[in-house]
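In what follows, a single structure is set out as structure tokens and then discussed.
The values are calculated or read from the model by the stated rules, or taken from the named source; none is laboratory data. Given the structure is predicted, the values throughout are model-derived calculations rather than measurements. Quick reminder, even Gly has a Cβ in these numbers, built from the backbone with ideal geometry, and neighbours come from all protein chains shown.
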Amino acid sequence: MPAQPQSPRVAVIGGGPAGLMAAEVIAAAGLAVDVYDAMPSVGRKFLLAGVGGMNITHSEAFAPFVGRYRERAEALRPLLEAFGPDALRDWIHGLGIETFVGSSGRVFPREMKAAPLLRAWLKRLREAGVRIHTRQRWLGWREDGALRLATPEGEQALHADATVLALGGASWARLGSDGAWLPLLAERGVPVAPLRPANCGFEVAGWSEHLRQRFAGAPLKGVGLALAGGASRKGECVITDWGLEGTTVYALSAEIREAIGRDGQARLSIDLLPDRPLDKVVAALAKPRGSQSMAKHLARQLKLDGAKAALLRERAPAEAFADPAALAGLIKALPLTVLRARQLDEAISTAGGVAFEALDEGLMLQALPGVFCAGEMLDWEAPTGGYLLTACFASGKAAGEGVVRWLERLKP
């Protein structure tokens, strides 16, 4: 009796959302799949991202949602059409986790935490036959094509019929995403872009010691932030020891980074009172203040105090405080010079990675047949607000489906 052919084995390298989603899709097709992760447990960055409230996706209309991915919007469009925000929410509900839409349009699990979702997901994956191996760091390939894995027992060789690489970017290296994969792919002829910080803070020129000591960590709520000549974005940011960070800064991080790369620095302006038109601010400042200090006048007439008032003092010349029109102009457009992004490991996410042009429609590397890529290691970026996670899930699903189709075509 002839020997029965063995079922193809698939290795997924990386146990974040993209890797686990690829593994789920592959297992659902009846294929044997093993997940290998360098850390002692999977999903570590996913869990940390959910500490302050697990923002899983966003509820805005599809067209503006896709537009958040900027120059990679068209590359990601088919992936998001196949598994976008609504499909992701349905998938989460299938795990027994309820979701809700917050006032900002962001979508959260009902418990606001990532841990219950991850526990339910891992249970489903194990029941589907997915085997998860931790403390297994991928080192590249041997000459015979086998995967090299550093394990507690020493280096091991792994032969797989298909491989999904879902190794993340290079932010938060302590959680496993260190970007060490980039030269391993580059030396195999895969086009890769250097990894750069995204959704990151930026260093501002010349913070005074007073501002650092008194206001580092203070939020600037309800401000407008704009890159010179660009549209203002309303939101919140935080004064730090070295500059600014926070959601509104993150939303502009790609544009700020590009301006620094082009000009050596970026010029920002902060609107400290975005809900008040300039003429109303001038009128309020022109009112007599009598014996009141300027600080009290600003607080009484404009409710401008605390960190906002401190920042105004930091950047406005002394003579402007005697000229209501000049001071109002600065309140509405306070200039800041940004020198550089913070270091890569501090960023929430990274830009750069494997070029979409290096992949086929199933996210398989054209230079390495049988090797697929997914998640943050692909060359795309998006602001926080659920966009990062949605694209990671969507690309993981696409890579998993690509593996299934490719192995099906290889059948005799």
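Annotations
- Some residue of the stretch 84-104 being in a strand (DSSP E or B) and either within 17 Å of the chain's Cα centre (by Cα) or of a type in the set (Phe, Trp, Tyr) (or both): yes
- Within the stretch 169-186, the residues that satisfy the criterion of being part of a loop (DSSP other than H, G, I, E, B) and either of a type in the set (Gly, Ala, Ser) or modelled with pLDDT of 95 or more (or both) are Gly169, Ala170, Ser171, Gly176, Ser177, Gly179, Ala180.
- Here is the figure for the stretch 52-67: residues that are in contact (Cβ under 8 Å) with a residue 40 or more places away in the chain and surrounded by fewer than 21 Cβ atoms within 10 Å (Cβ to Cβ) total 3.
- So Pro412, is it under 19 Å from the mean Cα position of the chain (by Cα) and part of a loop (DSSP other than H, G, I, E, B): no
- Residue within the stretch 274-283 that is under 27 Å from the mean Cα position of the chain (by Cα) and under 30 Å from Leu48 (Cα atoms) present: no
- Residues that are crowded, with 21+ Cβ neighbours inside 10 Å and either in a loop (DSSP other than H, G, I, E, B) or touching a strand residue (DSSP E or B) at 6+ places or on another chain (Cβ under 6 Å) (or both), drawn from the stretch 360-375: Leu363, Met364, Leu365, Val371, Phe372, Cys373, Ala374
- Single condition Ala75 does not satisfy, out of (1) outside any helix (DSSP H, G or I); (2) within 25 Å of Cys373 (Cβ to Cβ); (3) among the small types (Gly, Ala, Ser): (1)
- The C-beta contact set for the stretch 122-133 (first residue under 13 Å from Val42 (Cα atoms), second residue of a type in the set (Ser, Thr, Tyr), distance under 7 angstrom, 6+ apart or interchain) comprises His133/Tyr36.
- Residue in the stretch 158-165 that is surrounded by 13 or more Cβ atoms within 10 Å (Cβ to Cβ) and outside any strand (DSSP E or B) present: yes
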